[in-house]
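Data first, discussion second: the structure below is written as structure tokens.
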Amino acid sequence: MLYRILLFLSLIAAVVVGAPTAHASATTDITITRGDGTTTPGTIHAPEGASGRPGVVLVYGSGTSPSTKYAEQAEAFARAGIVALRYDKRTEHYTAAHRDYSLLADDALSAVAALRNRPEVDPNNVGIWGLSEGGWVAPLAASRSADIAFLITIGANSGAPAPQQSWADQTKLRVGGVRGSMVDTLLPNGIRQVVGAGQFAEADYDQPSVLARIQQPVLGIWGDKDRLTPPGDSLRGFQAAFDQAGKTNYTLRTVRDTQHSGFTTTTGFDRGDHLSPEYTQLMGDWVNGLPGSASGQVDQPAVQQHSVTPLQPLAWWESTAVFLTVLVGTLLALAGFTLTGFVKSWRLPSPGPTRILVVTGVIGVVGTIAQILSIASSRGTSFGPLIFGRTLPWLTLQVLAVCAVVALALVVARSRHTLAEATTGARLRWALLICGGTGFVLWALYFGLLLP
């Protein structure tokens, strides 16, 4: 509350002493020709009657939403006297498993060239703005071209996408009250497997080396309640990369009560109706104040519940080939045991433990995959009732995993009696069951089903 009062008083003081004029704006639709000859639509937001003004190209975050989603950001720049260009992102072959930051950076440079040719702007004062995924793309574009006069990043990461995604998913669970192996084992190993299978686009992208090559003034902004990008770790990472390169023309700021994309928030997971006033004023003042505004000012990093944990490369025993062998082999063995049970002479005595092992093993494997997908697709922090920090689905899977281990132990313990007068087919079924049960135990240990 005190912060809001001080901000309100500062705005009043700014009016009294003469605040920057809020400009009326107008929009113009253009077509941008990209480096490969394809085109994409763009919209320019410019102060009315603008000529020779600073300009900025907006490079937005992940996904394939049209650029209209970023009209409010463009309008905020225009009100500050800065010409903004938003354009539709390249969506061809853009998926979770494939996206090309280098190609997206080239597209951004094409947009910069288009804006520099507009009469509303000063061609020597056109910068680039990147949000979230754009916080990887925009710095790469800036590192490639002296035509870019400045760089602004919002919610950008100082590290690679895969550890950031793991941090974001863990944050959702921790804020929701989830604890234990679901957070510490299931999530990181699930993401590591996706990365190892080549299904996580740009997973190991080297952001620090790009930051070290940037010569232009940089403004980095993070919301203190960012739950998608680690705001404290990222600010420190930007500062470390710049300081190591001997760079001094940068400003790193943390904005209060602001979420990942610059909107107001109370929890970091909800989003207010409008951008944070402090965020929009900061950007306008910084651009209009260049070069003096890039003076090396660095805010205190935001407080995080936990830091980013690097994801270790897969060892040989957990490689994609081994992982798929265990997964497919387990399911085929359990399915083979079930299907061959239709042959009467192949049936085993004491069917109770064998049935428990088959049912719990299959549910455990399928349920684990479903849990990983559910967490990845969740946008909130509500995971239903929790028992001992575990969600009900996860606790159920853990109980089933214990039942599977007990059932497997009983099957092994009774093997001498079971196989004493067994036919060759029955012995084969028993071997399939043991293989499937062993595969499931390995699966359960790897993904934390048998861990606290």
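The values are calculated or read from the model by the stated rules, or taken from the named source; none is laboratory data. This structure is a prediction, so every number in the text was calculated from the model and none was measured. Because the Cβ atoms are built from the backbone with ideal geometry, glycine has one as well, and the counts that use them run over all protein chains shown. Just the protein is used for accessible areas: all its heavy atoms, side chains included, with ligands, DNA and RNA removed. Shrake-Rupley method; radii C 1.70, N 1.55, O 1.52, S 1.80 Å.
From the list Val183, Val210, Val218, the lone residue that is free of Cβ contacts under 8 Å to residues at least 60 places away in the same chain and open to solvent by less than 10 Å² (accessible area, probe 1.4 Å) is Val183. Taken over the stretch 123-180, the criterion of being open to solvent by less than 30 Å² (accessible area, probe 1.4 Å) and without any contact (Cβ under 8 Å) to a residue 60 or more places away in the chain is satisfied by Ser145, Ala160, Pro161. When the residues of the stretch 287-306 are filtered to those that are open to solvent by less than 20 Å² (accessible area, probe 1.4 Å) and over 19 Å from Arg227 (Cα atoms), the one that is modelled with the lowest pLDDT is Ala294.
So that you can scan it fast, the table gives a plain yes or no per residue for (1) acidic (Asp, Glu); (2) under 16 Å from Leu428 (Cα atoms); (3) loosely packed, with under 14 Cβ neighbours inside 10 Å:
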{"site": "Thr338", "(1), (2), (3)": "no, yes, no"}
{"site": "Ser345", "(1), (2), (3)": "no, yes, yes"}
{"site": "Pro351", "(1), (2), (3)": "no, yes, yes"}
{"site": "Ile363", "(1), (2), (3)": "no, no, no"}
{"site": "Gly367", "(1), (2), (3)": "no, no, no"}
{"site": "Gly389", "(1), (2), (3)": "no, no, no"}
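Considering (1) over 28 Å from Asp184 (Cα atoms); (2) open to solvent by less than 70 Å² (accessible area, probe 1.4 Å); (3) touching a helix residue (DSSP H, G or I) at 6+ places or on another chain (Cβ under 6 Å), the lone condition that Leu314 does not fulfil carries the number (1). If the condition is being among the hydrophobic types (A, V, I, L, M, F, W, C), farther than 18 Å from Ala401 by Cβ and either touching a Pro at 6+ places or on another chain (Cβ under 8 Å) or not in a loop (DSSP other than H, G, I, E, B) (or both), then the stretch 341-374 contributes Phe342, Trp346, Leu373. Can you name every residue in the stretch 101-110 that is open to solvent by 60 Å² or more (accessible area, probe 1.4 Å) and either under 15 Å from Ala201 (Cα atoms) or at pLDDT below 95 (or both)? Within the stretch 101-110, just Leu103 meets the criteria. Across the stretch 413-440, the qualifying residues are those that are open to solvent by 60 Å² or more (accessible area, probe 1.4 Å) and basic (Lys, Arg), and the one among them that is nearest to Val328 (Cα to Cα) is Arg427.
Would it be correct to say that Thr229 is surrounded by fewer than 18 Cβ atoms within 10 Å (Cβ to Cβ), at pLDDT 95 or above and assigned to a loop (DSSP other than H, G, I, E, B)? Considered against the rule, which asks whether it is surrounded by fewer than 18 Cβ atoms within 10 Å (Cβ to Cβ), at pLDDT 95 or above and assigned to a loop (DSSP other than H, G, I, E, B), Thr229 comes out as no. Looking at the stretch 238-286 only, could you name the residues that are in contact with a helix residue (DSSP H, G or I) (Cβ under 7 Å, 6 or more places away or on another chain), open to solvent by 20 Å² or more (accessible area, probe 1.4 Å), in a helix (DSSP H, G or I) and not charged (D, E, K, R)? Residue satisfying the conditions is Thr280 alone.
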